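Take a look at the structure below.
The values are calculated or read from the model by the stated rules, or taken from the named source; none is laboratory data. Model, not experiment: these values are computed from the prediction. So basically every Cβ, Gly included, is an ideal-geometry build from the backbone, and we count neighbours across all protein chains shown.
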Amino acid sequence: MTVRDVGRRDVPVLDVRSMSKVYGAGDTAVHALREVDLLVRRGEYVAVIGQSGSGKSTLLNILGCLDAPSAGNYYLEGLDVADLDERQLSVLRNRQIGFVFQSFNLIPRTTAFANVELPLVYAGVSRRVRRERTLAALDVVGLAGRANHRPNELSGGQQQRVAVARALVTAPALLLADEPTGNLDSASTEDVLDLLDGLHAAGRTIVLITHDDEVAARADRVVTVTDGRLTETSGLRR
Amino acid sequence: MSFVEIVRFAVRALLANRLRSLLTMLGIVIGIAAVILLTALGNGAAQYIQSQISGLGANSITVLARAPGGTAGAAAGASSRPLTSGDAAALADPQGAPDVGYVAPVVQASLTVAAGANSETDTVIGSTPEYFPGSNTVVASGRAYDDADVSAGRPVAVIGRTVADDLFGAGSVPLGQTVLVKGVPLQVIGVLQAKGQGGGFANPDSNVLAPITTVQSSFTGFGNLTQIVVGARSSATQDAAESEIYSILDRRHGITDPNDRDYQLISSAQLAQVLDQTLSTFSLLLAGIAAISLLVGGIGITNIMLVSVTERTREIGIRKALGAPPSAILGQFLVESTILSVLAGLIGVGLGVAGTFIPLPNGFRAIVVPAAVVVAVVVSIVIGVFFGGYPARRAARLRPIEALRRE
Ligand SMILES: Nc1ncnc2c1ncn2[C@@H]1O[C@H](COP(=O)(O)OP(=O)(O)O)[C@@H](O)[C@H]1O
Ligand SMILES: [Mg+2]
């Protein structure tokens, strides 16, 4: 941790150093990530591509503090995540990270409003402010009129937009999305990608997994994961 | 996150999963209600039988005629002799039966009893004044008939509480009034204390008691006795009195084989013992059924809770990914299962206790056993809270991604 505290602005949002992840042990061990390095600066829009099973989700889950690496270091906003206990990690997930899953992961039988409001409740935000920010987030994704709908009353694209609203609502520094359009038709894909473009334009840091080149084309940077190793592929930028 | 928010989440989750909530509660409700009802039935039966026993006079021995080798009270067969006044007199002889305190010969008949426009069929029992202590019968108002009434064959009667209620109006004390027994006027000189259904084997409140001479001369004739009630001098001499009765009656009835008597003795002590045994078997049976109900209820709860673990584990994964602190998740699940269990416990107790008010035939009532209520409630709630919190405790140890991956 050398000069990373000199100016807060210069601290990379993500700083991953020779990080490895091994699932299982012995004969059945799977080396999902092998000594990966990755640096993402504030405001960057990074697309992660690679074949299925190459280790993309593994990487993103660790970046989102949903999983822990087997070796190496991960600094989030200059903070070594390994030093944090479960309660501090929960605060980190709540304030710093917004995570969008391929399978939406909305809480079933619970309204869009309640789903989006959830992170704010865990953040201890007052009821009145919660309401404002939840409605604002739903408005951003164009679903203000669907606040009281339950997940099973929404299309896949709408569900994913609710999930994006939920990831945004705490205004996290980092938005992580694991194939957010993987389960969507082309029209819904456009909606969600436009949404991410808008967030990027507003200065949000985004890391997104995709195996769609068209999706990757919207990003500033593209990194490719091959069998657990990372290679930088720049220049795809439009 | 405040406690209020946790409770709000818990309630919202319960309402969002109504069917699951209801099924979980059903297990607890049924378990508790079954235990309360079954133990109340056992308890009620115990108290019923207790009162039956106390309906018999203390230290009293009842002699009944029976066919040899047959059952008590059966019509005397060809080879059997009925009980007679001679038998009663022999038992009253202090020489032959020094441990016998008193002897009350009994005749009885089912007859129409009328007063004014009211009439009903009651058991009319003719005996001597010793019958009152011998059958634990107490006069509430007026007086019992005495030896003078018996020797003069006076037309007097002491009537049961129900008889007075039915013929003269509820709560009435018709002393000095007249009842017509099969057309024969008897003057009411006393009313018995109500015993309720529990006294003896027929309802003593519906009896009409009169001097034996009166009943014999007017209704049954001077033939056989229905039974003879014999009182031992004290409970210590009850066994001695019994063997004296056996030796006197065996001689008079020409019995050589004690297994083939044409009469039978029933003592209150003996009856109490038999009933007590029956009762404890019965209670054990009910307790067993109650325990099984509780077990089945418990398994039901556990089942529902475990089936929902996968779904709940995913939900916990989502909540963790959104930044729920461990305390919020454990808190929500504990509050959820506590609300369910306590609510179901209250409903179960309510249903169980309400069930004990359902009227039962033969006048016996289910009487709630408080200890059983406590055990049932505690066991069910512990199961409910334990297994309700189980997914949370399990998932609390998982990383969010592991919880999310559960299928
Ligand atoms: N929980 C797990 N246990 C064991 N192996 C896993 C687990 N999750 C992923 N893997 C393995 O790790 C490798 C990388 O998986 P993943 O990161 O999901 O790939 P991608 O998202 O690029 O398709 C794969 O070989 C996969 O089988
Ligand atoms: Mg993947």
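Are any of the residues in segment A:193-207 within 16 Å of ligand 1 (Cβ to nearest atom) and touching a strand residue (DSSP E or B) at 6+ places or on another chain (Cβ under 7 Å)?
yes
Just one of A:182, A:124 is at pLDDT below 95, within 16 Å of ligand 1 (Cβ to nearest atom), surrounded by fewer than 20 Cβ atoms within 10 Å (Cβ to Cβ) and not in a helix (DSSP H, G or I); which is it? Testing whether each residue is at pLDDT below 95, within 16 Å of ligand 1 (Cβ to nearest atom), surrounded by fewer than 20 Cβ atoms within 10 Å (Cβ to Cβ) and not in a helix (DSSP H, G or I) leaves just A:182.
Across segment A:24-58, the qualifying residues are those that are hydrophobic (A, V, I, L, M, F, W, C) and touching a Gly at 6+ places or on another chain (Cβ under 9 Å), and the one among them that is nearest to the other protein chains (Cβ to nearest Cβ) is A:32.
Scan segment B:90-100 and tell me whether some residue there is assigned to a helix (DSSP H, G or I), touching a residue at least 12 places away in the same chain (Cβ under 8 Å) and closer than 19 Å to residue B:263 by Cβ. Yes, there is a match, as at least one residue in segment B:90-100 is assigned to a helix (DSSP H, G or I), touching a residue at least 12 places away in the same chain (Cβ under 8 Å) and closer than 19 Å to residue B:263 by Cβ.
Candidates A:220, A:212: the one that is more than 16 Å from ligand 2 (Cβ to nearest atom) and either more than 14 Å from chain B (Cβ to nearest Cβ) or of a type in the set (A, V, I, L, M) (or both) is A:220. Filtering segment A:171-195 down to residues that are within 13 Å of the chain's Cα centre (by Cα) and more than 16 Å from ligand 2 (Cβ to nearest atom), which residue is nearest to the other protein chains (Cβ to nearest Cβ)? Per the criteria, the residue is A:172.
Looking only at segment A:92-105, decide whether some residue is without any contact (Cβ under 8 Å) to a residue 60 or more places away in the chain, within 16 Å of ligand 1 (Cβ to nearest atom), under 19 Å from residue A:210 (Cα atoms) and in contact with a helix residue (DSSP H, G or I) (Cβ under 6 Å, 6 or more places away or on another chain).
yes
For segment A:4-26, indicate whether the set of residues that are under 13 Å from the mean Cα position of the chain (by Cα) and within 16 Å of ligand 2 (Cβ to nearest atom) is non-empty. No, every residue in segment A:4-26 fails to be under 13 Å from the mean Cα position of the chain (by Cα) and within 16 Å of ligand 2 (Cβ to nearest atom).
Scan segment A:81-97 and tell me whether some residue there is away from ligand 2 (no atom under 16 Å from the Cβ) and away from chain B (no Cβ under 13 Å). Yes, some residue in segment A:81-97 is away from ligand 2 (no atom under 16 Å from the Cβ) and away from chain B (no Cβ under 13 Å).
Checking the stated criteria, residue B:357 turns out to be out of contact with any strand residue (DSSP E or B) (no Cβ under 6 Å at 6 or more places or on another chain) and over 30 Å from residue A:60 (Cβ atoms).
Working only within segment A:116-134, note down all residues that are closer than 17 Å to residue A:177 by Cα and more than 9 Å from every other protein chain (Cβ to nearest Cβ). Across segment A:116-134, the qualifying residue is only A:116. Would you mind stating whether residue A:104 is of a type outside the set (Val, Ile, Thr), within 16 Å of ligand 2 (Cβ to nearest atom) and modelled with pLDDT of 95 or more? For residue A:104, the condition - of a type outside the set (Val, Ile, Thr), within 16 Å of ligand 2 (Cβ to nearest atom) and modelled with pLDDT of 95 or more - is not met. Selection of first residues in segment B:158-176 that are more than 13 Å from residue B:194 (Cα to Cα) and of second residues that are assigned to a loop (DSSP other than H, G, I, E, B), restricted to Cβ pairs under 7 Å at least 6 apart or on distinct chains, gives the following pairs, ordered by first then second residue: B:168/B:174; B:168/B:177. Taking residues in segment A:34-60 that are farther than 11 Å from residue A:210 by Cα and within 13 Å of ligand 1 (Cβ to nearest atom), and partners anywhere that are of a type in the set (A, V, I, L, M) and not in a strand (DSSP E or B), the pairs with Cβ atoms closer than 7 Å and at least 6 places apart or on different chains are A:36/A:59. Based on this model, can you work out whether residue A:16 counts as within 13 Å of ligand 1 (Cβ to nearest atom) and in a strand (DSSP E or B)? For residue A:16, the condition - within 13 Å of ligand 1 (Cβ to nearest atom) and in a strand (DSSP E or B) - is not met.
Exactly one residue out of B:266, B:245 is outside any helix (DSSP H, G or I) and within 24 Å of residue B:83 (Cβ to Cβ): that is B:266. Inspection of segment A:76-90 identifies at least one residue that is more than 16 Å from ligand 1 (Cβ to nearest atom) and of a type in the set (S, T, N, Q). Across segment A:61-80, what is the number of residues that are more than 10 Å from every other protein chain (Cβ to nearest Cβ), away from ligand 2 (no atom under 16 Å from the Cβ) and in contact (Cβ under 8 Å) with a residue 24 or more places away in the chain? Final tally of qualifying residues: 11.
Please work out if residue A:102 is part of a helix (DSSP H, G or I) and either touching a strand residue (DSSP E or B) at 6+ places or on another chain (Cβ under 8 Å) or crowded, with 23+ Cβ neighbours inside 10 Å (or both). So residue A:102 does not fit the description; no. Does residue B:321 satisfy the criteria of being in the same structural domain as residue B:394 (by TED's automatic domain parsing), touching a residue at least 24 places away in the same chain (Cβ under 8 Å) and more than 17 Å from residue B:14 (Cα to Cα)? Taking the combined requirement at face value, the residue satisfies it. Just one residue in the set A:161, A:218, A:130, A:166 is more than 16 Å from ligand 1 (Cβ to nearest atom) and assigned to a loop (DSSP other than H, G, I, E, B); that residue is A:218.
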